[in-house]
1. In whole percent, and with a 1.4 Å probe on the protein chains, what portion of the accessible area of the chain is carbon and sulfur?
2. Using a Gaussian network for the chain with springs between C-alpha atoms less than 10 Å apart, which of these wobbles most: L19, L346, L73?
3. Take the Cα radius of gyration of segment 51-120 and divide it by 2.2 N^0.38 Å, with N its residue count; two decimals is plenty.
4. Express the C-alpha Rg of segment 93-149 as a ratio against the empirical globular expectation 2.2 N^0.38 Å, rounded to two decimals.
5. Dividing the Cα convex hull volume of segment 1-132 by residue count, how many Å³ per residue is that?
6. Just checking my list (i) 56, 46, 37; (ii) 65, 42, 41; (iii) 65, 51, 47 against Cα extents along the principal axes in Å computed from this structure; which label fits?
7. Could you work out how far the C-alpha centroid of segment 88-108 sits from that of segment 153-170, in angstrom?
8. Picking from A139, A81, A318, which is most flexible by a Gaussian network model of the chain using Cα springs under 10 Å?
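The values are calculated or read from the model by the stated rules, or taken from the named source; none is laboratory data. Every value quoted in this text rests on a predicted model; they were computed, and no experiment measured them. Note: accessible area is taken over every heavy atom of the protein model, side chains too, but ligands, DNA and RNA are not part of it. Shrake-Rupley method; radii C 1.70, N 1.55, O 1.52, S 1.80 Å.
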Amino acid sequence: LTYLMGHYTDELTLYSANLPDVQNYSNNTLIASDSNAKILWDTSYNLIYASNSILEGVQNSTTLSQEDKDRFLGEAYFVRAFIHFHLVNLFGPIPFIDSTDYRANSEVSRNGTEEVYQMLIADLLTAKSLLPGTDSSLANLRPNYWVASALLARTYLYNGDWQLALTEATDVISNGSYTLNPDLAQVFKKSSMETLWQLGEGMTGTNTLEGFTFIFSSGPPPNSAISNHLINGFEAGDVRFTSWVGSVSDGTEIWYYPYKYKLNSPTGSTEECSILFRLAELYLIAAEAQAQMGNLTEALDYLNDIRGRATLGPMVLADQNGILNAILQERRLEFFSEQGHRFFDLKRTGNIDGVLTPIKPNWEPTDGLLPIPESELILNPNLSPQNEGY
């Protein structure tokens, strides 16, 4: 998701001629049989099936303790919501699958976007009611109460429910056990104090796929580099540029790469894990929700907390649109090369066509959605019609 959407938007430039599947995202030449869209679809619904299987198994268990039941159910409801959230933002109307009945699932139709949102919000509220608030023994490797609250905040923001988004975000900021890390070089460490949820390493000593994918040591880049569009977006003095962007030069030209994760090979013990939620997002959700409700002073307070950490001066703006644009720009620089944030932000704020039309060949308004995999439409005609433009 991070790699593909980085190329689909204005974050990454592709240098390799040996990655035709990625080239389709970089050049905006996606077709209905795109293999990566099918991988995203298939792996997502596999995880949803697994979540539903856990829900059904745990609910029917007569031997698990109530504490274990609540934890497992809460995690499964959360994961089901998390995956559906990404599917609906990638593909638009999708089937919301809540059972393991493969006969019924093989004939499902697509639910409308608003309906999917309401169902995944219901899952998250259920998850919140079941999950514990702390689990220090697991190094934030499993979703807890605060992670469910964070995804609720994000979902409400995307859905335009400003007050609900603000309530969830400020609850995490004020009452969760997380703190903005003042040292940007420590933000993406396994033990970072601002990580809400990160993926386990799999094997001891393994570090992140992001580090392995993005870091290179000689030019020109073997695969991808940060685009000039993104590099030119950094203000002078932004410490995120010096801490989170790496560079390589051949003496005449310079290339940049995402350097949030600084390890691209195994170490004695795992030092970095792929982070899915961190506290900075909640600050910017709170800022945006406040701005949308016209509380501009409060919005600037949250925005300037993030700017201040990057050693940038406080933003002083008078009008609502100016503050909202500043928040969008701050999200761009804070979350580059993280989980497709840029793609989702451009879409939900209505800026995607204005930003990508000048830089993507033949960009059309319909390109904000990926194609429903052609093979799925053949297997189940009830998924028709194909998304417009494919």
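1. Numbers: 8550 of 16440 Å².
Of the solvent-accessible surface of the chain, carbon and sulfur hold 52 percent.
2. With Cα springs under 10 Å in the chain, the top fluctuation among L19, L346, L73 is at L19.
3. Details: Rg = 13.6 Å, N = 70, 2.2 N^0.38 = 11.1 Å.
For segment 51-120, the normalised Cα radius of gyration is 1.23.
4. Numbers: Rg = 14.9 Å, N = 57, 2.2 N^0.38 = 10.2 Å.
Ratio of Cα Rg to 2.2 N^0.38 Å: 1.46.
5. Details: hull volume 18.3 nm³, N = 132.
Cα convex hull per residue, to the nearest whole number: 138 Å³.
6. Label of the calculated value: (iii).
7. Measuring centre to centre over Cα atoms gives 25 Å.
8. A318
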